[in-house]
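A short worksheet on the structure shown next.
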Amino acid sequence: MPEAVLNLLLIPLIKIVVLLGVVLLIVAYLTYAERKILAYMQVRLGPNRVGPKGWLQPIADGLKLFVKEDLIPGGAERFVFLLAPGLIMVPALLMFAVIPFGEPFKVGGRTITPYLADVNIAILLLLGISSIGVFGIILGGWSSNSKFSLMGGLRSAAQMISYEIPMGFAVVSVLMMAGTLSLVGIVEAQRQAHIWFVLPGILAFGIYWICGVAETNRNPFDLPEAEAELVAGFHTEYSGMKFALFFLAEYANMMVISALATVMFFGGWLPPFPNLLAGLWASPVLAWIPGVVWFAAKMGFFLFCYIWFRGTFPRYRFDQLMAVGWKWLLPLSLANVMLVGVLMLWWKG
Amino acid sequence: MEQYVPILVYALVAISFPIITLLLARIFRAGSPDPVKAEAYECGVQAETKAFDTRFSIRYYLIAVLFVVFDVETIFLFPWAVSFQRLALFGFIEMMIFLAILLVGYVYAWRRGALEWA
């Protein structure tokens, strides 16, 4: 087999299959983890009937959604109604293409990278793709011909674009420290600096994380699907597999936000405290731990935080939500860019 | 450009994912259509108007316009941030002037009440 075919087609195809499988598996079990953790936080047992300790619950849920009747409301714009779940699912999956899950390793003399591609505009690509998701939400809400969906879609669009700006500014301060848009490059910059960017960029991380939670429409920013007032927001009228796609996309987006927090602020696949414990991590016992394990541990922590928030915080009011985004986070993130700039100039002399 | 080939392949797979699942679900799903089921969710009350007739707050439009301004600003910041360590003090001051001009617009929008939601 010619080398080019192997490098350009076969290996990426294997990676794509593995990536898609892992992502969908994690998404499925994230729903299980969420229900279980929430249950324990509220002194309940959670799902425990399907399989041992409820382990098969996500599969049962998936099957149920698969065979459910698919209702389309009478007055709906049928084509747009059909398009919307795809418009939100495709970007959610696509964003995993550039996320580096670990350091390159060798299999049979061939270097394999545990990421699909390392492009030099990764961050720009991610922000661009993630913006497409807004279309899915607003079109889904608009095409349903339901007041609840329309209000949910409008709210969601306003919320997502409002929080995208402070998030962009928070990312800018990371780029200033790293000097590159490549995600692999950002992790490498943290390795060379012997410090995670969360320490100099604690403010940027706080802003990024708040915006990340708001971007994925999760508690306490889950206004678009505020069930007490809007039933289910933009997907009120969706059922069956189309609803499942909205659901999968939400959890996939949570994974992307968590993975990006790991890469940009917490050293990606690097072990913890690279500045203090470098000797410890180089010791023969701990050095064998693959980077993917560290990455998964950090990402898992952030995913837990998402669920933890849902179990803890009450929902914002819509005017409060807009005030937090435009009057607090935006000036704060701008000030943070200036602060990081001044500090870096001072540091370099 | 070679590293974009896997992304392109992956994009095709990602696009086909919802199409395939929706087509498969079309084969297996239950279906007993009923005009009552096709009504919009409305607590059992017959809807008087279509949802498309619903009026909504003009502020959503205002937020969208503000978003365009500030999103373009972030896009300008990205290349600057990447080469910040090379541009050093001169580039920093230049960008601060640019940000100050936008800040004037931000303060103006705030003073005019564009950020109030009431």
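Read the figures in this text as sums done on the coordinates, not as results from a lab. What you see is a predicted model, and the numbers here were worked out from it, not measured in a lab. We place every Cβ from the backbone using ideal geometry, glycine too, and count neighbours over all the protein chains shown.
Summarise the partner chain shielding of A:148-159 as one whole number: the mean count of Cβ atoms from other chains within 10 Å of each residue's Cβ.
3
Arrange the following residues from fewest to most other Cβ atoms within 10 Å of their Cβ: A:67, B:45, A:184, A:263.
The most exposed by this proxy come first: B:45, A:67, A:184, A:263.
Please report, for the Cα atoms of the protein assembly as shown, the Rg to one decimal and the Dmax as a whole number; what are they, in angstrom?
When restricted to Cα atoms, the protein assembly as shown yields Rg and Dmax of 23.2, 74 Å.
Which three extents, in angstrom, do the Cα atoms of chain B have along their principal axes, listed largest first?
Projected onto its principal axes, the Cα set of chain B covers 69, 50, 16 Å.
For A:211, A:305, what's the fewest-to-most ordering of other Cβ within 10 Å of each Cβ?
A:305, A:211
Leaving out same-chain residues fewer than 8 places away, which lysines sit with a Cα under 16 Å from that of residue A:147?
Qualifying lysines at Cα under 16 Å: B:50.
Please report the relative contact order for chain A, taking Cα pairs under 8 Å with a sequence separation of at least 6, and give it as a percent rounded to a whole number.
22
Please return the longest range in chain B lying between exposed loop sites, taking trypsin sites (Lys or Arg not before Pro), DSSP loop only, at most 10 other beta-carbon atoms within 10 Å, and leaving the sites out.
B:56-111
Using a 10 angstrom cutoff on alpha carbons, build the Gaussian network for chain A and name the most mobile of A:116, A:30, A:63.
Of A:116, A:30, A:63, the Gaussian network model singles out A:63 as fluctuating most.
Only loop residues by DSSP count here, and only those with at most 12 other Cβ atoms within 10 Å; note down the GluC sites (Glu not before Pro) in the range B:1-82 that meet that.
Passing both the DSSP loop test and the Cβ count: B:2, B:48.
Can you pull the mean other chain C-beta count within 10 Å for peptide A:322-335?
Mean number of neighbouring Cβ atoms from other chains: 3.
Using helices alone, what [θ] at 222 nm do you get for chain B, with -39,500 (n - 2.57) per DSSP H run of 4 or more residues, divided over all residues and rounded to the nearest 500?
-23000 deg cm²/dmol
Going highest first, how would you order A:214-222, A:330-338 by mean Cβ packing within 10 Å?
A:214-222, A:330-338
Determine, for each peptide in A:143-155, A:43-55, the mean count of other beta carbons within 10 angstrom over its residues, then list the peptides with the highest first.
A:143-155, A:43-55
What's the average, rounded to a whole number, of partner chain beta-carbon atoms within 10 Å of each residue's beta-carbon in A:96-106?
The shielding value for this peptide is 1.
Using a Debye calculation, one point per C-alpha and no hydration shell, please list log10 I(q)/I(0) for the range A:1-98 at q = 0.19, 0.23 Å⁻¹ in order.
Log10 of I(q)/I(0), two decimals: -1.06, -1.16.
Lysines within cross-link reach of residue A:106: Cα-Cα under 25 Å, excluding same-chain residues under 8 positions apart?
A:15, A:298
When the helices in chain A are scored as -39500 (n - 2.57) per DSSP H run of 4 or longer and the sum is shared across all residues, what 222 nm value do you end up with, to the nearest 500 deg cm²/dmol?
Here the helix-only value at 222 nm equals -21000 deg cm²/dmol.
Using a Gaussian network for chain A with springs between C-alpha atoms less than 10 Å apart, which of these wobbles most: A:231, A:292, A:22?
A:22
Compute the separation of the alpha-carbon centres of the range B:45-118 and the range A:88-146 and state it in Å as a whole number.
The distance from the Cα centre of the range B:45-118 to that of the range A:88-146 comes to 25 Å.
Among the aspartates and glutamates, select those whose C-alpha is under 18 Å from the C-alpha of residue A:242, and discard any that sit fewer than 8 residues away in the same chain.
Partners within reach: A:61, A:69, A:70, A:77, A:225, A:250, B:39.
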